[in-house]
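Student: Below you will find the structure I want to go over with you.
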Amino acid sequence: MVRRQTSIAKILAPSPSPLIVPRERLLDFLGAVMSRRVTTVVAGSGYGKTTLLASWAIEHDPAWLTLDAGDQDVVRLTFALVAALRVQLPALDFGVGEAPFSGELGPGASGAVTAHADVLAGELAAAIAETATTDIALVVDEVDELSGGSPGSQLLDALIRQAPARLHLVLIARIMPPIRLGRLRAQGEVLALDSPRMAFTREETATVVASRLGKSTALAERIHKLTSGWPAAVAIAVDALLDVPESDRLSALGRVGDRSGPVQSLLVEDVLPRLDDVERRVLELAVTLGHISADTASVLGVLNAAPAIRHLLSKGLLVADELSEQARVVQVVADALTDVASASLEDPRSIRRRIAVDLERGGRFAEALQMFVAAQDTPGALRLIAAVDPYALLAAARDTVLSWTPTVADQERTPELDLLEGLARYGSGDWDGALRRLESLAARDARAALTAGLIHHLDGSIESALAHYRTGLAAEPDDRTRALLAGWAAAVHWVRGEVPRCRELVAEATRLAQACWDPQAQAVAETAAAMLAALDGDRRANAAHYLRALDCAERAGDPLMLVRIRANRASALCDEDAYPAAIQMLDEALQICDMAGGSPYRRLVLTNRGQALSHLGRLDEAVDDLQTARDDAQSAGSVIGGYALAYLGDVYHLQGLSLLAKACFEEAVTVSRAANDVQGLVPALTGLALVVLDEQPELAGRLAAQAVALRSAPGRARALVVAGRVALACGDRERARAFAREAEALAGARRDRSHLAEALEILAVCSGDAEQSSRLLDQAEALWQTVGDPIGHGFNQVIRAGMSVDSLSEELLGIADGVAGRTGARRLHDAVARAQDWVEASSRRLVHVCVLGAFDVSVQGCRIPGSAWQSKRARELLKILVVRGCPVPRGVLLELLWPEDAIQAAGRLSVTLSTLRSVLDPEHGHPADFFVVATGECIWLDWAHVDADHRQFSSDATTGLRLWASGDPAAVRLLARAEAAYTGELLSDEPYSDWSSQDRDDARLAYVSVCRALAQNAAASGDHEASSRLLLRLLRHDPYDEPASLNLVSTLTTLGRHGEARRAYHRYVQWMSEWGLEPQTFSRHH
């Protein structure tokens, strides 16, 4: 073990210098140090950082370490940290091997440096945790001696992450090195003290003045203004006035700019000469313009201005303006520089005009406009506006336009200026002000017509919007504007159900958007194309168009379209019953809304989110979203209110609030008809039909017929299902069967699994064949489980009980009633209560298939040997049928089994099917379709006589996870059974089989989720050993799961297995570093 000596001077806190003014404000602020993991004290020279902390140290007695350049070495710094900590922790026992990293870091060195620093920090943190019995602070001064990326800085970074909860680090620096504190800041673990906070307040400046010169409010105010509260400058100014008669002090301050003045002497003789040419030029420009940025300096020919600005900020010569992202000169510095360099300073308006011209020539039009306005050059600004696309100006100069355009005299105003102001007001949310400027221009300027149309469109006045779009299209606009007009007009025709005109406009918008290659126009065109694809039932095209639209909107930086596309795509996901994915996308849209200060599409986002939540059984959350969306839409007069009302009616109906549901549906019908919105009319009519069905079946029939008649609506599958349910309730089974078959075909083609399940349930009830009904209900149940809709699955169980099909047990009805209780679905509870038949489900399965792990089949308990299989294709056919779990079209089977010659293989499939049946029933003791059912279109397994480990695992995992999410204790039994059933990856003997790759991934993800839930349950019950085992199994299947990694660290620490916990944490840090991500801290999981 190697021990190095550390200078005593480095590890002793400096003696506090007398404070020129009591800093109780800052000392009180530092009172929170012992409740934070990290405190940063970052300010330029002369702010009294070290003096302040030395005063704080008198009471708190921290460990102290002052760094120097030699501490770049990771081992030297480790020994220095140990030596500093031993002042407060004498029993700290720690030593490190001689393995320094020093000198130039080569291309392959960073990983080793990081690993070494991480291990050293971990060991040091563990030693501190074992030794410290009370909280201890460690002050590290001169942190900026560590260069970014050096071994020393990586060690400090790692120590911050792994420090035990009792250790609190205080870092003092002029410029903080790139230590990762993002997560800690987000968690409220960082206390930050910076230059603005350390600068004297007016009161503190007045205290200094009073203590040295006597009380003088005017003098203190003048000194504060001159110094901007820079403590060193305040002290110098006060000292300079000590020998000046009191009556002459204010006038003497007028000579502060003289080269002989003491503040200026400090600056002129010491500070300014130390600046390089770039820094000095940056200061001169800042004095001239009042502020400076790297971009402005670059325009004026100053290269590498950004590092110079950062350096000047660190020295306190510049002050950052966070709102404008500019920096300004401290007044006393500006005075000194003006005095010594007045000959090089230009007239501000002249230089701003020159900057504006340079910016214009460089194509930076928005900045050029801002500079013309700052130079008070109205002719220059108007000339620029007339020559440049207004959208290019508004991208970065909207605030300038909003503040400047109203000041332009009426006689100077131009149509281009009115258009620019109108567009700016639209972008800022002042739609009334925008319309005042734009509607008078709409007839001759398509851009004005487009924006006026958008305002009406987003405000719910789609007829007025369409009129403006038509006006704009007639004004012979450029390709970009015409593409936008056509795309938005297509959306109006889509709402009105006018498919042919919608299709024409989509084609035109797409062609023009591709021609002009404008991302915003492409986003609008692709969105319109996606909406049209939804009408056509082409889900694949719908998804592809939305993906392209999202990419274009992101490239355009258009928050309106980013929200609109996500809302629309989420609606499509809801139609496909992908509710969790829809909610994730809608949450992203809400985040964009919040970041953008709101969006007119927020109400649509909330509407779609409420719909998705309701299908996941989260009815109370759905009501909150839908009520908010309804109220917002109604206040704005938006047609979106019709959708919100209809979906709110659905939820009220499930909650058993029939009167509220009926009122919502009736209002939704009124709103949708008034807006000529046929798309919103379908959910309103069908919902109302279901609400009135029991008491007014004839009215329900008429409402359903009206919905079915709207053939172009995307909700046609819902209309057909409701029409079938109404017909069934009225005793007309033939009509019900006809509606259900049409709904089955349509929903299947559109991947609309919820309505497909409902159609299958209607067909099951209409069927007179018990076995066929059972198969149909099996398929419907599988769909509900796949969708994750607990309420839909609950009604499926009730149908089983009511029909006495598949011998639904009392336990399953109890589960359905449990769903009703957890979700608040009173209508489901009532349905359960009405179920009369309770029989036991005891169908004996004769064939068992294993696909988790290696493939295996047994018949009546006897395993089928490999030699019994007469055909590899027959084995593959069984695997496909088991994994898919539902009827598989013959065409799909041909493609999977004979991809090289699917067209010619139709006869082979029949032979393969016969072979498979013979293997499963070699004695032919059952009908041909006893195990494997085949029709002219599909082939599937009869799950009444066949079972499979994958099917049982999927059912247990899906149901168990759903119950776990709702807090139902019955989940644990199902999850444990699922975990035990997962004996290996799906078809692990065929890891490269393309057709099963997605199913394999789905099963793996389900298993990971099962392990996570069981680990949480074990930890909650105090069984940490079981929890650690489950987490390890999880990480074997997904080593990059961050929550599982951190939970494993926490669990191992709880078990007292500290070494294993540290190793688990280092593995986690390593993979986070591989991805360039900031790791979570250790002690939060310790």
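Student: Being surrounded by fewer than 22 Cβ atoms within 10 Å (Cβ to Cβ), of a type in the set (Val, Ile, Thr) and part of a helix (DSSP H, G or I) is the requirement here; does THR527 meet it?
Tutor: Values: surrounded by fewer than 22 Cβ atoms within 10 Å (Cβ to Cβ): no; of a type in the set (Val, Ile, Thr): yes; part of a helix (DSSP H, G or I): yes.
Spelling it out, it is not the case that THR527 is surrounded by fewer than 22 Cβ atoms within 10 Å (Cβ to Cβ), of a type in the set (Val, Ile, Thr) and part of a helix (DSSP H, G or I).
Student: Could you check how many residues of segment 609-632 are assigned to a helix (DSSP H, G or I) and touching a Ser or Thr at 6+ places or on another chain (Cβ under 6 Å)?
Tutor: As a first pass, look at segment 609-632 and keep what is assigned to a helix (DSSP H, G or I): 609-615, 619-632.
Restricting the remaining residues to those that are touching a Ser or Thr at 6+ places or on another chain (Cβ under 6 Å) gives 619, 622, 629.
Counting residues in segment 609-632 that are assigned to a helix (DSSP H, G or I) and touching a Ser or Thr at 6+ places or on another chain (Cβ under 6 Å) gives 3.
Student: Given VAL798, VAL765, VAL722, which one is among the β-branched types (Val, Ile, Thr) and over 29 Å from LEU963 (Cβ atoms)?
Tutor: VAL722
Student: Given the options PRO600, PRO697, name the one that is more than 26 Å from ALA491 (Cα to Cα) and either modelled with pLDDT under 80 or surrounded by fewer than 24 Cβ atoms within 10 Å (Cβ to Cβ) (or both).
Tutor: Numbers: PRO600 fails: more than 26 Å from ALA491 (Cα to Cα).
None of the other options fit; the residue is PRO697.
Here is a yes/no grid of residues against (1) among the hydrophobic types (A, V, I, L, M, F, W, C); (2) crowded, with 19+ Cβ neighbours inside 10 Å; (3) assigned to a helix (DSSP H, G or I):
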| site | (1), (2), (3) |
| --- | --- |
| TYR47 | no, yes, no |
| LEU53 | yes, yes, yes |
| TRP56 | yes, yes, yes |
| GLU59 | no, no, yes |
| ASP71 | no, yes, yes |
| VAL75 | yes, yes, yes |
| LEU81 | yes, yes, yes |
| ALA84 | yes, yes, yes |
| GLN88 | no, no, no |
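Student: With respect to ARG470, determine if the residue is charged (D, E, K, R) and either in contact with an Asp or Glu (Cβ under 8 Å, 6 or more places away or on another chain) or buried (at least 21 other Cβ atoms within 10 Å of the Cβ) (or both). Steps first, please.
Tutor: On the way: charged (D, E, K, R): yes; either in contact with an Asp or Glu (Cβ under 8 Å, 6 or more places away or on another chain) or buried (at least 21 other Cβ atoms within 10 Å of the Cβ) (or both): no.
Judged against the criteria, ARG470 is not a match.
Student: Also: Which residue pairs have Cβ atoms under 6 Å apart, sit 6 or more places apart or on different chains, and have a first residue in segment 488-508 that is in contact (Cβ under 8 Å) with a residue 60 or more places away in the chain and over 19 Å from ALA521 (Cβ atoms) and a second that is among the hydroxyl-bearing types (Ser, Thr, Tyr) and surrounded by fewer than 20 Cβ atoms within 10 Å (Cβ to Cβ)?
Tutor: So the pair list comes out as GLY497/SER712; VAL499/SER712.
A quick yes/no check of all residues on (1) surrounded by fewer than 19 Cβ atoms within 10 Å (Cβ to Cβ); (2) modelled with pLDDT under 85:
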| site | (1), (2) |
| --- | --- |
| ARG735 | yes, no |
| ASP789 | no, no |
| GLN797 | no, no |
| VAL819 | no, yes |
| ALA825 | no, yes |
| VAL839 | yes, yes |
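Student: Any residue in segment 938-958 that is part of a helix (DSSP H, G or I), more than 28 Å from LEU877 (Cα to Cα) and basic (Lys, Arg)? Spell out the reasoning first.
Tutor: Our first condition is that a residue be part of a helix (DSSP H, G or I); within segment 938-958, this holds for 949-958.
Of the ones still in play, those that are also more than 28 Å from LEU877 (Cα to Cα) are none.
No, every residue in segment 938-958 fails to be part of a helix (DSSP H, G or I), more than 28 Å from LEU877 (Cα to Cα) and basic (Lys, Arg).
Student: Please specify each residue of segment 164-200 satisfying the condition of being farther than 14 Å from VAL42 by Cα and not aliphatic (A, V, I, L, M).
Tutor: PRO164, ARG166, HIS168, ARG180, GLY182, ARG183, ARG185, GLN187, GLY188, GLU189, PHE200 - these are the residues of segment 164-200 that are farther than 14 Å from VAL42 by Cα and not aliphatic (A, V, I, L, M).
Student: For segment 278-294, enumerate the residues that are among the aliphatic types (A, V, I, L, M) and not in a helix (DSSP H, G or I).
Tutor: Of everything in segment 278-294, just one residue is among the aliphatic types (A, V, I, L, M) and not in a helix (DSSP H, G or I), namely ILE292.
Student: If I ask for residues that are of a type in the set (S, T, N, Q), touching a helix residue (DSSP H, G or I) at 6+ places or on another chain (Cβ under 6 Å) and modelled with pLDDT under 90, which ones from segment 1-48 would you list?
Tutor: Kept after step one, since they are of a type in the set (S, T, N, Q), are these residues of segment 1-48: 5-7, 15, 17, 35, 39-40, 45.
Still in the running and touching a helix residue (DSSP H, G or I) at 6+ places or on another chain (Cβ under 6 Å): 6, 17, 39.
Within segment 1-48, THR6, SER17 meet the criteria.
Student: Kindly indicate the residue of segment 749-772 that is under 20 Å from ASP942 (Cα atoms) and surrounded by fewer than 19 Cβ atoms within 10 Å (Cβ to Cβ) and also nearest to the chain's Cα centre (by Cα) among those meeting that condition.
Tutor: The selected residue is GLN772.
Student: Okay, moving on. Identify all residues within segment 130-172 that are in a loop (DSSP other than H, G, I, E, B) and charged (D, E, K, R); write none if there are none. Give the steps one after another, and end with the answer.
Tutor: Initial filter on segment 130-172 (in a loop (DSSP other than H, G, I, E, B)): 132-135, 142, 146-150, 163-166.
Of everything in segment 130-172, those that are in a loop (DSSP other than H, G, I, E, B) and charged (D, E, K, R) turn out to be ASP135, GLU142, ARG166.
Student: Could you list all residues from segment 615-640 that are buried (at least 20 other Cβ atoms within 10 Å of the Cβ) and touching a residue at least 40 places away in the same chain (Cβ under 8 Å)?
Tutor: Selection gives HIS615, LEU616, GLY617, ARG618, LEU619, ALA633, SER638, VAL639, ILE640.
Student: Run GLY907 past the list (1) touching a Leu at 6+ places or on another chain (Cβ under 9 Å); (2) assigned to a helix (DSSP H, G or I); (3) without any contact (Cβ under 8 Å) to a residue 24 or more places away in the chain; (4) not assigned by TED's automatic domain parsing to the domain that holds GLN1016 and report the number of the one that doesn't hold.
Tutor: Condition (1) is where GLY907 drops out.
Student: Give me the pairs, please: first residue somewhere in segment 1001-1015 and within 11 Å of ALA976 (Cα to Cα), second residue anywhere and polar (S, T, N, Q), beta-carbon distance under 9 Å, and either six or more positions apart or on two chains.
Tutor: The qualifying pairs are LEU1014/SER1027; ALA1015/SER1027; ALA1015/SER1028; ALA1015/ASN1047; ALA1015/THR1051.
Student: Output the residues belonging to segment 934-966 that are out of contact with any Pro (no Cβ under 8 Å at 6 or more places or on another chain), modelled with pLDDT of 90 or more and surrounded by fewer than 20 Cβ atoms within 10 Å (Cβ to Cβ).
Tutor: Result: ALA934, ALA965.
Student: Residue check: is GLY925 surrounded by fewer than 21 Cβ atoms within 10 Å (Cβ to Cβ), more than 41 Å from the chain's Cα centre (by Cα) and part of a helix (DSSP H, G or I)? Show your work before the answer.
Tutor: On the way: surrounded by fewer than 21 Cβ atoms within 10 Å (Cβ to Cβ): yes; more than 41 Å from the chain's Cα centre (by Cα): yes; part of a helix (DSSP H, G or I): no.
No; evaluated as a whole, the condition is false for this residue.
Student: I've got another one for you. Return the residues of segment 959-982 that are touching a strand residue (DSSP E or B) at 6+ places or on another chain (Cβ under 7 Å) and not in a helix (DSSP H, G or I); say none if nothing qualifies.
Tutor: At the first step, the residues of segment 959-982 found to be touching a strand residue (DSSP E or B) at 6+ places or on another chain (Cβ under 7 Å) are 981-982.
The one that is touching a strand residue (DSSP E or B) at 6+ places or on another chain (Cβ under 7 Å) and not in a helix (DSSP H, G or I): TYR982.
Student: Looking at LEU728, is it out of contact with any Lys or Arg (no Cβ under 7 Å at 6 or more places or on another chain), more than 25 Å from CYS502 (Cβ to Cβ) and not acidic (Asp, Glu)?
Tutor: On the way: out of contact with any Lys or Arg (no Cβ under 7 Å at 6 or more places or on another chain): yes; more than 25 Å from CYS502 (Cβ to Cβ): yes; not acidic (Asp, Glu): yes.
Against the criterion (out of contact with any Lys or Arg (no Cβ under 7 Å at 6 or more places or on another chain), more than 25 Å from CYS502 (Cβ to Cβ) and not acidic (Asp, Glu)), LEU728 qualifies.
The values are calculated or read from the model by the stated rules, or taken from the named source; none is laboratory data. Predicted model, so just to flag it, every value in this text is computed and none were measured. Using ideal geometry, Cβ is built from the backbone for each residue, glycine included, and neighbour counts are taken over all protein chains shown.
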